[in-house]
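Worksheet: one structure, shown below.
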Amino acid sequence: MKMVIAGKTQVCGVIGDPIAHTLSPAMHNAAFKHLKLDFVFLAFKVKTADLENAVRGMRGFGIRGLNVTMPHKTAIIRYLANLDANVKFLGSANTILNDGGRLLGFNTDGTGALHALRENGVNPEGKNVLLLGAGGAAKAIAYSLAQDAGALCILNRVPEKAAVWADALNRVFGKKIVGGALSPSAVQKNLQDADILVNATSVGMHPHVDQSLVAPQWLRPDLAVMDIVYNPVETKLAKDAKAAGARVISGVEMLLYQGAVSFQIWTGHAAPIEVMRTAALKQLGRDELK
Ligand code: ATR
């Protein structure tokens, strides 16, 4: 069935800068088409100085929903009428729902990561998790994991960021959550007791595809490894983990499930995951050929 854009078509989109390589239009348009929903999804390049105008535009045009990406995830908060509990805690939103002019803010990064783990056979409940990174995505993942995991260790290049976030989570969840410096020895040591390793740094991302924060010999078959980097689809860390016999969850999975949660918020329908995965991988393949 062809997608027909007409008078009643509802508009969703993603705002960010840069935005040209976003996979969201491919994923969401495939999902709308599959479920025969009268929606269309567009990418909008919005500069920092234009964020307020973009929000006014969302209201003025009656755009139903937006994903918000770099560099607007924190700045967007001040324009939203109502914030989900995790948005308040994180101070960043990646999803907006326009409910008759009231803009509601959500953050689906953490829930997306949890779904990605669970749907790929990894239950973090009671598990020992090692998280690399304390940037925006890492903080959202830590917040979601902290609720389920038995223990969580956050290591970051700038150690203060990991320590501050670990303390903040400890105050809420009262669990064994520690933060520290991302040194090779700390990664090696903390990996010894870990069940799940998550790379939430940008290390390994195109064009630095031969980089990894984890030496291959530290990886084991009883480890689950999730990398949030999705370009390339298989990072050096993912390749090394696979070679070590570990269970590997690619960054495409997190992207997919955070998108799926946003899709449900905007449409009220459960997202067709397989359709969205196929569309995202196809788009990634096209981008790689360029
Ligand atoms: P995102 O929104 O994707 O999380 P971000 O907030 O800029 O992006 O966070 C990037 C993360 O990757 C941070 O944890 C960053 O570490 P610092 O906080 O110390 O800057 C981490 N990172 C980026 N390049 C890195 C590198 N070469 N080695 C280690 N960590 C790196």
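The values are calculated or read from the model by the stated rules, or taken from the named source; none is laboratory data. Just so you know, these numbers come straight off a predicted model, no measurement behind them. Don't worry about glycine lacking a Cβ; one is built from the backbone with ideal geometry, like all the others, and counts go over all protein chains shown. The protein model used for the area step is the full one, side chains on, heavy atoms only, and it has no ligands, DNA or RNA in it. Shrake-Rupley method; radii C 1.70, N 1.55, O 1.52, S 1.80 Å.
Computed values, structure above
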| read-out | value |
| --- | --- |
| Candidate set: the stretch 99-121, residues that are open to solvent by less than 10 Å² (accessible area, probe 1.4 Å) and away from the ligand (no atom under 16 Å from the Cβ); chosen: the one nearest to LEU219 (Cα to Cα) | LEU117 |
| Leading residue by the ranking (most open to solvent (accessible area, probe 1.4 Å)) among those in the stretch 129-158 that are in contact with a strand residue (DSSP E or B) (Cβ under 8 Å, 6 or more places away or on another chain) and away from the ligand (no atom under 16 Å from the Cβ) | GLY150 |
| Test set (1) away from the ligand (no atom under 14 Å from the Cβ); (2) in contact with a Lys or Arg (Cβ under 8 Å, 6 or more places away or on another chain); (3) of a type outside the set (A, V, I, L, M); (4) under 17 Å from MET254 (Cβ atoms) - ASN86 fails condition number | (2) |
| LEU284 vs. criteria out of contact with any strand residue (DSSP E or B) (no Cβ under 6 Å at 6 or more places or on another chain), under 30 Å from LEU191 (Cβ atoms), modelled with pLDDT under 95 and open to solvent by less than 70 Å² (accessible area, probe 1.4 Å) | yes |
| Residue tally, condition crowded, with 18+ Cβ neighbours inside 10 Å, in contact (Cβ under 8 Å) with a residue 60 or more places away in the chain and in a loop (DSSP other than H, G, I, E, B), over the stretch 12-33 | 1 |
| Every pair of residues 6+ apart whose Cβ atoms lie under 7 Å, when the first sits in the stretch 198-222 and is within 8 Å of the ligand (Cβ to nearest atom) while the second is open to solvent by less than 50 Å² (accessible area, probe 1.4 Å) and hydroxyl-bearing (Ser, Thr, Tyr) | VAL203/SER212; LEU213/THR201 |
| Selection count, the stretch 232-280, where residues are in contact (Cβ under 8 Å) with a residue 12 or more places away in the chain and either under 21 Å from VAL68 (Cα atoms) or assigned to a loop (DSSP other than H, G, I, E, B) (or both) | 32 |
| Residues satisfying the stated conditions in the stretch 45-104, i.e. β-branched (Val, Ile, Thr), in a loop (DSSP other than H, G, I, E, B) and out of contact with any helix residue (DSSP H, G or I) (no Cβ under 6 Å at 6 or more places or on another chain) | ILE63, THR69, THR74 |
| Total residues in the stretch 34-51, condition free of Cβ contacts under 8 Å to residues at least 60 places away in the same chain and surrounded by fewer than 21 Cβ atoms within 10 Å (Cβ to Cβ) | 12 |
| The stretch 52-83 - residue that is open to solvent by 50 Å² or more (accessible area, probe 1.4 Å) and without any contact (Cβ under 8 Å) to a residue 40 or more places away in the chain and, of those, nearest to the ligand (Cβ to nearest atom) | ARG78 |
| Residue check, GLY126 touching a residue at least 24 places away in the same chain (Cβ under 8 Å) and either within 14 Å of the ligand (Cβ to nearest atom) or open to solvent by 30 Å² or more (accessible area, probe 1.4 Å) (or both) | yes |
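Residues are listed down the side, and each one gets a yes or a no for (1) open to solvent by less than 10 Å² (accessible area, probe 1.4 Å); (2) more than 20 Å from THR108 (Cβ to Cβ):
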residue	(1), (2)
VAL187	yes, yes
ASP210	no, yes
LYS242	no, yes
VAL248	no, yes
VAL252	yes, no
GLY268	no, no
ALA271	no, no
THR278	no, yes
